[in-house]
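Structure first, then comments.
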Amino acid sequence: MTGPLIPLGYIPEAWNNVFAVLLGMGFGFTLESSGFSSSRKIMGTFYGYDFVVLKVFFTAAITAVVGLLYLDQIGWADFSAMYVLPTYMAAAITGGVIMGMGFAMGGYCPGTSFCAVAIGKIDALLFSAGLLVGIFIFSEAFPLMEKIYESGNLGALRVNEALGISAGLFTFLLILIALGMFWVATIVQGKVKKVEY
Amino acid sequence: MNKRYLILSALLILAGIGLVILPQKSKNKELTPEELLMAIKDPSRFVSTDLITDRIIKKDPSLVIVDVRPAKEFKIFSLPGSVNIPMDSLLSGASMAILKPEGKDKVFCSDDDILADQAWQIFKRLNISNIFIMKTGVNGWINTIMKDNPPLPTEDSRAYDLYSFRKAARQYFQGKDATSSSNRQQNDNKDNPAVPKKEKLNLQKSTNTKPAGGGC
């Protein structure tokens, strides 16, 4: 956990792995119960017959950000002290394209593929094997890719800071965008031929 | 459209509007240059070695002595009960955990008071309260407390009171041999009774500095 309970010593560090397992189980359970262990469901977003992936992840994002900002307002969390991963622009775009291609071809993202392995899907087994091969190749070829990996570093960037607006206003706009997308997605879903799976 | 979705959407929009309306909390907890200057001009940030000695002897639980010298020097000699936070790890998570508690008086010390003052200014700027500097530092502490400096016969009774206090303190730190004086060179000797017993530091540095991985 990134904090504050373990780094400040409220909970001994030995609990780190226990929390990791519990959180992982919760995450896996949620993915499975949302139907994300089916590659057909995930690919629905790509072909336009099922937008549940888009809805779930955007709902998660806006719920989390609204919750965090309110906790920050009442002083239970310090939004400014939150760790933000640095943005590597070129690396993010390259990685995003590769990940997206893998996503579209395999029908899984790494997390959901393991969920699907857990319920015994053969395609997920192959996907996970490919994932491990990919990790191996990446690790071995890292010196070749190091330049791309570290290119376009913009530091710990927050979108609202880059746009020059407050976090609250950005969140509000994000909520509007998300709801608008849900609405459009529902309309598209109604027009596209239903796929039974 | 499902009524439930409409209600949830309305709730989210309301929450979003609330975030826009609510005043933004000031994230800048640092002192302004003016405030910092005021604080630096205030001599009350310095405390004497005698006062610290008195509080060490009384085992004052609200006293935290933060030694900002390098770990090597700290190993050779340190004040009893002091915690070593070298300058290069001042802003680490572990040191912030030591310095943040508000009910404690954090006293910085170094060889003299220059490094300690620098550390003090950093933390003052971060708006950490109850921080002080031990005037004249560890060297001053040895010179005033551990060395025998009898007052002149012409000095007033306060000087004699202070002298007897320092003598008693020396006795406390050295055990029975109160009359021997000590200095830094002697303190390098491991078996020297003048070296106060160092308390074992329980500075736990988190080894896990990596953020939790995200993704789906």
Every listed condition ((1) touching a residue at least 40 places away in the same chain (Cβ under 8 Å); (2) surrounded by 14 or more Cβ atoms within 10 Å (Cβ to Cβ)) holds for A:Leu173 save (1)
Residues in the range B:158-188 that are open to solvent by 80 Å² or more (accessible area, probe 1.4 Å) and at pLDDT 85 or above total 6
Selection from the range B:101-130 of residues that are surrounded by fewer than 20 Cβ atoms within 10 Å (Cβ to Cβ), over 10 Å from the mean Cα position of the chain (by Cα), modelled with pLDDT under 90 and in a loop (DSSP other than H, G, I, E, B): B:Pro101, B:Glu102, B:Gly103, B:Asp112, B:Leu126, B:Asn127, B:Ile128, B:Ser129
Only one of B:Ser62, B:Ser95, B:Ser26, B:Ser44 is modelled with pLDDT under 90 and surrounded by 12 or more Cβ atoms within 10 Å (Cβ to Cβ); which? B:Ser95
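Just to be sure I understand, how many residues within the range A:162-174 are within 11 Å of another protein chain (Cβ to nearest Cβ) and outside any loop (DSSP other than H, G, I, E, B)?
Residues that pass the stated criteria total 8.
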Criterion violated by B:Ala71 - all others in (1) open to solvent by less than 30 Å² (accessible area, probe 1.4 Å); (2) among the small types (Gly, Ala, Ser); (3) away from chain A (no Cβ under 14 Å) satisfied: (1)
Based on what the data block shows, is A:Leu157 part of a helix (DSSP H, G or I) and more than 14 Å from chain B (Cβ to nearest Cβ)? no
Consider A:Gly48 carefully, then state whether it is surrounded by 14 or more Cβ atoms within 10 Å (Cβ to Cβ), in contact with an Asp or Glu (Cβ under 6 Å, 6 or more places away or on another chain) and not hydrophobic (A, V, I, L, M, F, W, C). no
Count, please, the residues in the range A:160-170 that happen to be surrounded by 12 or more Cβ atoms within 10 Å (Cβ to Cβ) and aliphatic (A, V, I, L, M). 3
Only one of A:Gly168, A:Gly107 is in contact (Cβ under 8 Å) with a residue 24 or more places away in the chain, within 30 Å of B:Ala10 (Cα to Cα) and not aliphatic (A, V, I, L, M), namely A:Gly168
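Which one is farthest from the other protein chains (Cβ to nearest Cβ), of the residues in the range A:176-186 that are touching a residue at least 40 places away in the same chain (Cβ under 8 Å) and open to solvent by 30 Å² or more (accessible area, probe 1.4 Å)? It would help to see each step written out before you state the result.
Let us first name the residues in the range A:176-186 that are touching a residue at least 40 places away in the same chain (Cβ under 8 Å), namely A:178, A:181-182, A:185-186.
With the extra rule that they be open to solvent by 30 Å² or more (accessible area, probe 1.4 Å), the set shrinks to A:181-182, A:186.
Working: A:Met181: 12, A:Phe182: 8, A:Thr186: 7 Å.
Within the range A:176-186, the match that is farthest from the other protein chains (Cβ to nearest Cβ) is A:Met181.
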Within the range A:64-93, restricting attention to residues that are aromatic (Phe, Trp, Tyr) and over 15 Å from A:Gly168 (Cα atoms), which residue is farthest from the chain's Cα centre (by Cα)? A:Trp76
Report yes if some residue within the range B:141-152 is of a type in the set (D, E, K, R), closer than 19 Å to B:Ile57 by Cα and assigned to a loop (DSSP other than H, G, I, E, B); otherwise report no. yes
Of the residues in the range A:135-154 that are touching a helix residue (DSSP H, G or I) at 6+ places or on another chain (Cβ under 8 Å) and either open to solvent by less than 60 Å² (accessible area, probe 1.4 Å) or part of a helix (DSSP H, G or I) (or both), the one that is modelled with the lowest pLDDT is A:Gly152
Report yes if some residue within the range B:17-28 is under 26 Å from A:Tyr10 (Cβ atoms) and within 14 Å of chain A (Cβ to nearest Cβ); otherwise report no. yes
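The values are calculated or read from the model by the stated rules, or taken from the named source; none is laboratory data. If you're wondering where the values come from, they're calculated on a predicted model, not measured in any experiment. Reconstructed Cβ throughout: ideal geometry from the backbone, glycine too, with neighbour counts over all protein chains shown. The accessibility values were calculated without ligands, DNA or RNA, using every heavy atom of the protein model including side chains. Shrake-Rupley method; radii C 1.70, N 1.55, O 1.52, S 1.80 Å.
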